[in-house]
Protein chains: 2
Amino acid sequence: MKARPSAPERRSPTQQRARQTVETILDAVLRILRRGDLNALTTNHIAEAAGVSIGSVYQYFPDKQAIFAALHQRHLAEVDRVIGSALAQHGSSSLQALIAALVEAMIDVHTADPNLYELLSTQIPPRPGGSRDFSQRLHGAFRLALAAHVRELPPERDLDLTVFVMTHIVDSLGHGAVLRRPAGVSLAAAREETVRAVLAYLRS
Amino acid sequence: MKARPSAPERRSPTQQRARQTVETILDAVLRILRRGDLNALTTNHIAEAAGVSIGSVYQYFPDKQAIFAALHQRHLAEVDRVIGSALAQHGSSSLQALIAALVEAMIDVHTADPNLYELLSTQIPPRPGGSRDFSQRLHGAFRLALAAHVRELPPERDLDLTVFVMTHIVDSLGHGAVLRRPAGVSLAAAREETVRAVLAYLRS
DNA sequence: AATATTTATGAGTTTTTGCTCACTTTTATT
DNA sequence: AATAAAAGTGAGCAAAAACTCATAAATATT
């Protein structure tokens, strides 16, 4: 488990089936993750779950970390897509409709892969000066979304601070609504209440 | 890494120095955690970081999981202590003072061990019918805290749903304020804004 | 069709890691 | 002081995991 001295480069897939193999491997990790068996995340088992040989895994990933890093990249792209779609559809809607769409998008993301965030946050080292991480990416997207509605907000508010709070509320409750919802609280109720909380905060 | 067939019992420490050894081992895990090097969480390295032999570790912990489980227990007790203290001091205060105290307590907990929650959530399997986990514990404590102020809340609100939302806001922002605060947002500002958000939600 | 390149395989090597146990040292008891 | 019990040690074992490499199959290029 200790970091190997260096991670040799691997060739990148050029043929279609090679790209498919890479996707299959990443999908297998998600499948294991959904089963919740974190200890089954070994390279050999990932290969087995993907239905490819261990050699194929190392054709495209220099080491185990790289598999998680690739998954991280794919997840970021997916979040961008989902959030972007919500923004595109509700760019000119009311603030309430926008927030509702964002909350729903967040719940969708977390429903698809409930444990992914925890895995990535423990397995992916934060890039020092490199690309933006998950929460920064979310912050940027939400900042853009809220900027269109600044006139509806009380004046004299720090936009970054407001977005920081709003992002955490939406993300945490989107996550919690899927994973930690107490008995007697429906998903729909949690969703609506989250929207209420965000709107109450923004208008306060 | 796969689960061993059975985990034999170990003797529990009776002398003072033995209890100290156990604490030293748990502290070492926290120290490694604070360094952020999740891959250094091997039994041998934990022993080395604690300055005890690997044999001593296995005097008191039947397997590696048990170390994390003990840490989990210790963390739950600490959270109970901190939250309980906040409640005791502000049992008859205003709602605003109470929320402020809870937010501060949450930030304190997360400041001490920023990565602990992530580790535990990935390494500790959820107890089937056993003791309550972290978020349930928090929910119970916050429910108690809020119950004293039901008269200040709008009527016709589901207490569990309200506590669910409030707990996630406080926990997530307490955590985020320490770990994911963007540049230009001070800790004090994040704390105050969290209080504002919770109060706005509760009064909405 | 012949050749080159990319992709896939998986048995086997090497490293890591969880854990044991025979033994020593320290503390408690008589 | 003698004896017993508890605590501590660390070399080393067995299992597991990361990763390699010689080889074969599939696809692309000539």
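The values are calculated or read from the model by the stated rules, or taken from the named source; none is laboratory data. Quick caveat, the model's predicted, so the values are computed rather than measured. With ideal geometry, Cβ positions are generated from the backbone for all residues, glycine too; neighbour counts draw on all protein chains shown.
Some values worked out for this structure:
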{"read-out": "Number of the condition not met by B:LEU98 [criteria: (1) within 17 Å of the chain's Cα centre (by Cα); (2) more than 11 Å from every other protein chain (Cβ to nearest Cβ)]", "value": "(1)"}
{"read-out": "Selection from the range A:33-84 of residues that are of a type in the set (A, V, I, L, M, F, W, C) and part of a loop (DSSP other than H, G, I, E, B)", "value": "A:LEU41, A:VAL52, A:PHE61"}
{"read-out": "Sole exception among (1) assigned to a helix (DSSP H, G or I); (2) of a type outside the set (Phe, Trp, Tyr); (3) more than 9 Å from chain B (Cβ to nearest Cβ); (4) touching a residue at least 24 places away in the same chain (Cβ under 8 Å) for A:ARG151, by number", "value": "(4)"}
{"read-out": "When residues of the range B:191-204 are limited to those that are more than 7 Å from every other protein chain (Cβ to nearest Cβ) and either crowded, with 16+ Cβ neighbours inside 10 Å or among the small types (Gly, Ala, Ser) (or both), the one nearest to the chain's Cα centre (by Cα)", "value": "B:ARG191"}
{"read-out": "Top-ranked residue of the range B:10-40 - restricted to ones that are at negative phi and touching a residue at least 60 places away in the same chain (Cβ under 8 Å), ranked as nearest to DNA strand D (Cβ to nearest atom)", "value": "B:LEU38"}
{"read-out": "In the range A:90-113, the residues that are crowded, with 21+ Cβ neighbours inside 10 Å and not in a helix (DSSP H, G or I)", "value": "none"}
{"read-out": "Any hit, the range A:161-180, residues being modelled with pLDDT under 90 and more than 8 Å from chain B (Cβ to nearest Cβ)", "value": "yes"}
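One line per residue, one yes/no per condition, for (1) modelled with pLDDT of 95 or more; (2) farther than 16 Å from B:SER121 by Cα; (3) buried (at least 18 other Cβ atoms within 10 Å of the Cβ); (4) not polar (S, T, N, Q):
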position	(1), (2), (3), (4)
B:LEU33	no, no, yes, yes
B:GLY36	no, no, no, yes
B:ASN44	yes, yes, no, no
B:GLU48	yes, yes, no, yes
B:GLY51	yes, yes, no, yes
B:GLY55	yes, yes, no, yes
B:PHE61	yes, yes, yes, yes
B:HIS75	no, no, yes, yes
B:ILE83	no, yes, yes, yes
